[in-house]
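Data block below; observations after.
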Amino acid sequence: MYDENIKKFFDLVENSQKILLLTHRNPDGDAIGSILSMQKLLITLNKDVLSFCVDAFPENFNYLHGVNLIKNSLDKIENEYDLIVTLDCGDLYMTKIEEKIKTLKSKFGLVNIDHHFTNPGFGDLNIVMNEASSTAEIVYLILKKIGYEINSDIATNLLTGIITDTGNFTNNATTKQSIEIASKLLEIGANFKEILKANVYNKTISVLKLWGIVLKRIVYNTELQMVETAVFESDLKSLDLDNEASEGISNYLNNLSSDIKFSILLKDNESGKIKGSLRTTRDDVDVSQIALAFGGGGHRKASGFEVDGRLELKNGMWKIVG
Ligand code: 5GP
Ligand code: MN
């Protein structure tokens with residue numbers, strides 16, 4: 001089925017000239033690594049490609065090839081395309097321009113390339129592989145299938161996606177296939193050192209101090225066997241940090257021993273919205289179901305949501321209040 005869909009995708013690409021590539025809000029290494037790799041393929045094929053992400057890419061991704069071509073401003077998006085492709089978007093709303101997309105004309109519709117468990121298949125063509133570690137892994141399979149020669153720049157882009165989404169080859173997304181593909185990307189010349197420097201060994205003292213504040217705030221719900229903590233705008237301000245500084249804390253909570261069922265990090269950035277990040281390492285817990293209940297989604301072991309409200313500590317637990 002996948003092979004067939006990849007072939008269909010490539011037929012659409014060959015018959016298209018103007019192509020719009022999209023990825024999700026708050027882009028992570030996988031979003032960025034996969035959109036940049038797809039962008040490079042389309043540029044090589046002489047397509048007229050516009051890559052869009054509603055949020056600017058965090059600066060630590062500047063080592064990736066093609067970042068300078070990404071557009072964040074809505075007025076760069078034209079009204080008509082031959083093809084629209086979303087990458088790493090578990091839902092169309094994750095682009096944060098869902099309404100705008102619906103107004104666009106696209107000759108061959110929308111192709112949804114993703115690996116999230118809760119992806120509803122919103123594309124006209126869906127290449128959604130839940131068993132893939134990352135969207136970058138799917139892009140790798142697509143490039144291989146169409147016989148595109150991956151160079152060291154693309155290899156670095158793709159390996160960034162695999163490394164970030166597998167939590168440096170530690171979480172449940174780490175599979176034999178993801179390690180095999182990573183190994184092939186290293187053989188091609190992916191810059192492993194640079195990836196680690198930019199994504200792992202990149203925390204400033206202030207960032208670690210923030211982690212300290214957030215870790216100290218942990219509370220434990222014995223009934224749900226859940227660990228909860230929170231990060232506030234005032235924490236960021238006190239350390240002169242931006243929102244990105246809390247990236248990584250939710251994954252770090254996976255270091256908890258498995259008598260804890262799951263963890264949740266709640267972020268209150270004073271916008272009136274609370275962002276929740278859920279993590280588990282247990283096979284008998286599916287956090288995507290909890291995220292879905294809050295209107296979000298994601299993977300069984302890592303998912304998220306965003307709801308209206310603000311955070312309050314009530315009876316020793318962090319609560320979202322209206
Ligand atoms: P994070 O907690 O790192 O923001 O997200 C964990 C995973 O859940 C990511 O793969 C992310 O794409 C997904 N996710 C986070 N928030 C949402 C959301 O509001 N809706 C959906 N569908 N997926 C989300
Ligand atoms: Mn991903």
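Brief remarks on what is shown
- Test: residue in the range 250-259 that is touching a helix residue (DSSP H, G or I) at 6+ places or on another chain (Cβ under 9 Å), away from ligand 2 (no atom under 16 Å from the Cβ) and modelled with pLDDT of 95 or more: yes
- Selection within the range 171-190 - buried (at least 19 other Cβ atoms within 10 Å of the Cβ) and over 16 Å from the mean Cα position of the chain (by Cα): Ser178, Ile181, Ala182, Leu185, Ala190
- Neighbours by Cβ (under 9 Å, 6+ apart or cross-chain): first from the range 174-195, without any contact (Cβ under 8 Å) to a residue 12 or more places away in the chain; second outside any helix (DSSP H, G or I) and of a type in the set (Phe, Trp, Tyr): Ile179/Phe169
- Flag for Ile195 being surrounded by fewer than 19 Cβ atoms within 10 Å (Cβ to Cβ), in the same structural domain as Cys89 (by TED's automatic domain parsing), β-branched (Val, Ile, Thr) and at pLDDT 95 or above: no
- Those helices (runs of 4 or more DSSP H) lying entirely in the range 204-322 with at least 1 residues under 17 Å from the mean Cα position of the chain (by Cα): 249-252, 287-293
- Asn243 being within 16 Å of ligand 2 (Cβ to nearest atom), out of contact with any Pro (no Cβ under 8 Å at 6 or more places or on another chain) and either at pLDDT 95 or above or of a type outside the set (A, V, I, L, M, F, W, C) (or both): no
- Hits in the range 1-52 (condition: of a type in the set (Val, Ile, Thr) and in contact (Cβ under 8 Å) with a residue 40 or more places away in the chain): Ile6, Val13, Ile19, Thr23, Ile32, Ile35, Thr44
- Only one of the listed residues (Ala245, Ala302) is crowded, with 19+ Cβ neighbours inside 10 Å, touching a residue at least 60 places away in the same chain (Cβ under 8 Å) and not assigned by TED's automatic domain parsing to the domain that holds Met94. That residue is Ala302.
- Subset tally (residues that are away from ligand 2 (no atom under 14 Å from the Cβ) and among the hydroxyl-bearing types (Ser, Thr, Tyr)) for the range 21-52: 2
- Which listed residue, of Arg282, Arg310, is within 15 Å of Leu224 (Cβ to Cβ) and either away from ligand 1 (no atom under 13 Å from the Cβ) or not assigned by TED's automatic domain parsing to the domain that holds Thr222 (or both): Arg282
- Meeting the requirement of 1 or more residues that are within 15 Å of ligand 1 (Cβ to nearest atom), surrounded by fewer than 21 Cβ atoms within 10 Å (Cβ to Cβ) and in the same structural domain as Ala182 (by TED's automatic domain parsing), the helices (runs of 4 or more DSSP H) wholly within the range 62-170 are 98-103.
The values are calculated or read from the model by the stated rules, or taken from the named source; none is laboratory data. Remember, it's a predicted structure, so these values are computed and weren't measured experimentally. Virtual Cβ from ideal backbone geometry, glycine too; neighbours counted across all protein chains shown.
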